[in-house]
Amino acid sequence: GASVNWSSSDKIWVKDDAGTWQQSGAAVFPFTNNSSFAKFGLSGTYTGASHDILYTNKAITGSQPQVEIKATQTQSAPNNFDHAGESGDCGIATASRVGSGYNFTLNHKASYLCFIPRSSNPYVNRSKLIKIEIMCDDDIAGTYNMAADGTLTLASGGSKTITVTTGSGFAIDNSTEDMSKNATYAVVAPGTHTFRIRYWLRNTTDYINLYGWRPSDIEGTISKYVTINCTAGSIHDVTANLDLHDYDGDHYCMWDAQQQYWADHSNTQPKLNGQNSNDYPQDRNDASHRWYHVSSGPLQASQLCAAMPNVNEMTWYAAKGDPRWDKDELWTTMGHLYKGGMWFKKKSVLQVAGNYNANIAADGSDWRTNAKSMYRSPLNMLPSVADASDYFYLPAVGQYSDGKLIGVGSNGAYWSSSALPYDQAYVISFGDNLVAIGYNNRFCGFAIGVFE
């Protein structure tokens, strides 16, 4: 959908009779309605049958032409690629004499992405696309040398991330592709690249913060992964169906109860931070069987927590699972929009490295019969693009404490399948600066989740 046109500020460089690059004046358009055709005036002497031409956003001050593919690019309106030239579009041509002048057709040598997102998710539909962050494990922006044939070679300032900002934001209320709504373009270095595409959304409707009230907005990401052979001179469409993972409110419980925390009481379940209800389970005679599994000694779960890792396994996730806090990925629960969660390496990845054992904890002892604890500091950065599939994500869904919902979006607390005497059980908890494994009262309303 992009129109490849000259802009009124465009200039070209032409090699004169002496072999010196000369910059032209700005483009002039002989035909009012056709900006794909422009004329350029130059000083200097040109008598050859042909002359070399370059189009670049960097001045040519010596014999080595360069172009800067910008790490930060800005687009003013949907489906508008006017920023191509300033963002790093470049090309070569050979001008051939025709009468008293020369004609040429530019051969573009950068590569280009066109993002065309869509969504049927109401939270996304009520948001604006404010930027797209393109992340890669190899350099996709920087200053590049341009060879005679237009091949680009990184010279300096390499960047593995390109961010395209969209000002006040583009609508994303289309369930099918609609380039007029939000088509967004980026100039990138040619090559085969695996990208993490982070679509940044701003939502002013659905976010409730940790204190139970709605601030002005929430900004966060929906991430997609794609591998593209970015050929020089080509625009590559990147379509994406933007959806949000929804975590229901049915996966909180007292430790290894028969039923979840709000079974038979969903109509009074608190669904926002700070809300509370007296309908939570309050003794072992709870009619809905929501009370924790009672025992006097160490116990392996057999009910709701049976599928959770035991405490030894939990220690490997914390100690060797390379936990990484992600403050930006968006998700929903109980009718509201949140962000925040932790990435851990998957069990299969830990096993390959010899870092997983159900019978022995990461410190070499068996925690199932000992009251112990562990604390780790997570990294506040995402896994590399190449390693992303080695990790799984746990959202910070908070917890219930005596019927009150707290911590959604700031911390997570997930039961293990291991209990200690005196009505204690092991739990893994985390936030932006801590991953902890310890024990807590079995009557706490922590989450159960999927540990991959």
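Residues in region 290-303 that are assigned to a loop (DSSP other than H, G, I, E, B) and either touching a residue at least 60 places away in the same chain (Cβ under 8 Å) or surrounded by 14 or more Cβ atoms within 10 Å (Cβ to Cβ) (or both): ARG290, TRP291, TYR292, HIS293, VAL294, SER295, SER296, GLY297, PRO298, ALA301, GLN303.
Residue-level check: of (1) surrounded by 18 or more Cβ atoms within 10 Å (Cβ to Cβ); (2) of a type in the set (A, V, I, L, M); (3) under 23 Å from the mean Cα position of the chain (by Cα); (4) modelled with pLDDT of 95 or more, ALA257 misses just (3). With respect to (1) on the phi < 0 side of the Ramachandran plot; (2) in the same structural domain as ARG97 (by TED's automatic domain parsing), the lone exception for VAL4 is condition (2). Given the criterion touching a helix residue (DSSP H, G or I) at 6+ places or on another chain (Cβ under 8 Å) and surrounded by 14 or more Cβ atoms within 10 Å (Cβ to Cβ), identify the matching residue among ALA171, ALA141. Result of the check over ALA171, ALA141: ALA171. ASN267 falls short on exactly one of the conditions (1) under 28 Å from the mean Cα position of the chain (by Cα); (2) not in a loop (DSSP other than H, G, I, E, B), and that condition is (1).
Checking region 389-398 against the condition returns a match, with at least one residue being β-branched (Val, Ile, Thr) and within 22 Å of ALA447 (Cβ to Cβ). In region 64-72, the count of residues that are in a loop (DSSP other than H, G, I, E, B) and over 30 Å from GLU219 (Cβ atoms) is one or more. Examine region 222-231 for a residue that is under 35 Å from the mean Cα position of the chain (by Cα), within 29 Å of CYS136 (Cα to Cα), outside the structural domain of LEU434 (by TED's automatic domain parsing) and among the basic types (Lys, Arg), and state whether such a residue exists. Among the residues of region 222-231, at least one is under 35 Å from the mean Cα position of the chain (by Cα), within 29 Å of CYS136 (Cα to Cα), outside the structural domain of LEU434 (by TED's automatic domain parsing) and among the basic types (Lys, Arg), which makes the answer yes. Applying a threshold of 6 Å to beta carbon distances and a minimum spacing of six or more residues, or different chains, the list of pairs starting in region 248-262 at a residue that is farther than 14 Å from VAL408 by Cα and ending at one that is not in a loop (DSSP other than H, G, I, E, B) reads TRP255/TRP415; TRP255/ALA425; GLN260/CYS253; TYR261/TYR252; TYR261/CYS253; TYR261/TYR400; TYR261/GLY445. Here the strands (runs of 3 or more DSSP E) wholly within region 103-183 that include at least 3 residues being among the charged types (D, E, K, R) and under 22 Å from THR204 (Cβ atoms) are 127-136.
Table: residues versus (1) in contact (Cβ under 8 Å) with a residue 24 or more places away in the chain; (2) surrounded by 15 or more Cβ atoms within 10 Å (Cβ to Cβ); (3) part of a loop (DSSP other than H, G, I, E, B).
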{"residue": "ASN5", "(1), (2), (3)": "yes, yes, yes"}
{"residue": "SER8", "(1), (2), (3)": "no, no, yes"}
{"residue": "ASP17", "(1), (2), (3)": "yes, no, yes"}
{"residue": "THR32", "(1), (2), (3)": "no, no, yes"}
{"residue": "SER35", "(1), (2), (3)": "yes, yes, yes"}
{"residue": "THR47", "(1), (2), (3)": "yes, no, yes"}
{"residue": "ASP52", "(1), (2), (3)": "yes, yes, no"}
{"residue": "ASN57", "(1), (2), (3)": "yes, yes, yes"}
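Annotation: of all residues in region 412-433 being more than 19 Å from TYR247 (Cβ to Cβ) and aromatic (Phe, Trp, Tyr), the one that is farthest from the chain's Cα centre (by Cα) is TYR422. Tallying residues that are within 33 Å of the chain's Cα centre (by Cα) and of a type in the set (S, T, N, Q) within region 339-367 yields 4. Among the residues of region 203-213, at least one is buried (at least 17 other Cβ atoms within 10 Å of the Cβ), at pLDDT below 95 and among the acidic types (Asp, Glu).
Okay, residues lined up against (1) over 26 Å from HIS251 (Cα atoms); (2) modelled with pLDDT of 95 or more; (3) in contact with a Lys or Arg (Cβ under 9 Å, 6 or more places away or on another chain):
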| position | (1), (2), (3) |
| --- | --- |
| VAL352 | yes, yes, no |
| GLN399 | no, yes, no |
| LEU405 | no, yes, yes |
| ALA413 | no, yes, no |
| GLY431 | no, yes, no |
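Is one or more of the residues making up region 95-102 buried (at least 16 other Cβ atoms within 10 Å of the Cβ), in a strand (DSSP E or B) and in the same structural domain as ILE60 (by TED's automatic domain parsing)? Yes.
Looking only at region 364-378, residues that are more than 21 Å from GLN424 (Cα to Cα) and either surrounded by 13 or more Cβ atoms within 10 Å (Cβ to Cβ) or among the acidic types (Asp, Glu) (or both) come to 2 in all. When ASP283 is tested against (1) part of a loop (DSSP other than H, G, I, E, B); (2) within 39 Å of the chain's Cα centre (by Cα), only condition (2) is not met.
Just the residues that are in contact (Cβ under 8 Å) with a residue 40 or more places away in the chain and of a type in the set (Gly, Ala, Ser), please, taken from region 390-418. Within region 390-418, ALA396, GLY398, SER401, GLY403, GLY407, GLY409, SER410, GLY412, SER416, SER417, SER418 qualify. Within region 234-269, the set of residues being β-branched (Val, Ile, Thr) and in contact with a Cys (Cβ under 7 Å, 6 or more places away or on another chain) comprises ILE235, VAL238. Scanning region 408-452 for residues that are surrounded by fewer than 22 Cβ atoms within 10 Å (Cβ to Cβ), of a type outside the set (S, T, N, Q) and touching a Gly at 6+ places or on another chain (Cβ under 6 Å) yields a single hit, PRO421.
The values are calculated or read from the model by the stated rules, or taken from the named source; none is laboratory data. Quantities reported herein were computed from a predicted structural model and do not represent experimental measurements. In this analysis, Cβ positions are derived from the backbone assuming ideal geometry, glycine residues included, and neighbour counts consider all displayed protein chains.
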